[in-house]
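Notes to accompany the following structure.
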Amino acid sequence: MNLQSFVRDLITLSERKEKVLQVMLKLTRQQSDEIQGENFEELSVLIQQKQQCIDTVDKCDRQIAKLRDTIKKNLNIAHFDQIYTMTSLPGAENLQFLEQKIQKIFKHIQQIDIKNNQNIQMKLSSVKKELKKIEKTKKMNNGYSGNKAFYNDGIFINRKG
């Protein structure tokens, strides 16, 4: 394989990664909606779908890393970013654009994920408070109902005595 085919393969993998990240962004936005609507069953499905996307991105990243190393060795450069200054390498400009686009999408996903995690934590805290209230009420009711069992037959008061 020649250098240009490595760059083409790298562009193809980057395009695939970008498409998968677009799907992840859409899923992350849907997660926000499901969290707000407290639809946790659908949220679970979205999380599973998102995990599949993450696995695909990881696979792409491993292949991209191998190609980048191969290109660095062929060009005898220390850092991959140096290819962007090489005007003689076809596709380098397109690759740089794709990588910038991927970074923007990834940052957007991260921002939404942070908000989603905060919203889930708030909802979880609210549920914990409700459970504590229920537990207190349950203990209080058990305290009162425990005395009722003792007086089931009634009380006899002897006044003759």
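The numbers here are math on the coordinates, done by the rules we state, and not lab data. Model, not experiment: these values are computed from the prediction. Positions of Cβ are backbone-derived with ideal geometry, glycine not excepted, and every protein chain shown enters the neighbour counts.
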With only alpha-carbon atoms counted, please give the Rg and Dmax of the stretch 1-123, in Å. 17.8, 55
Spherically averaged projected area in nm², based on the convex hull that wraps the Cα atoms of the stretch 53-123: 6.1
With runs of 4+ DSSP H residues as the only contributors, calculate the mean residue ellipticity of the chain at 222 nm using -39,500 (n - 2.57) per run, divided by the residue total and rounded to the nearest 500. -30000 deg cm²/dmol
Among 65, 78, 92, which one moves the most in a GNM of the chain with springs linking Cα atoms closer than 10 Å? 78
Taking 21 Å as the cut-off for C-alpha to C-alpha distance, list the pairs among 17/73; 19/59; 19/73; 66/107; 19/101 that go past it. 17/73; 19/73; 66/107
Burial-style ranking of 107-113, 38-44, average other-beta-carbon count within 10 Å with highest first, yields 107-113, 38-44
Could you pull out every one of the lysines with an alpha carbon less than 22 Å from that of residue 136, ignoring same-chain neighbours closer than 8 positions? 123, 128, 148
Once phi for every residue in the stretch 112-120 is put through the Karplus expression 6.51 cos²θ - 1.76 cosθ + 1.60 (θ = phi - 60°), the whole-Hz ³J(HN,Hα) values, with Gly and Pro written as x, are 5, 4, 4, 5, 4, 4, 5, 5, 5
Out of the trypsin sites (Lys or Arg not before Pro) in the stretch 16-80, which ones are loop residues according to DSSP with at most 15 other C-beta atoms within 10 Å? none
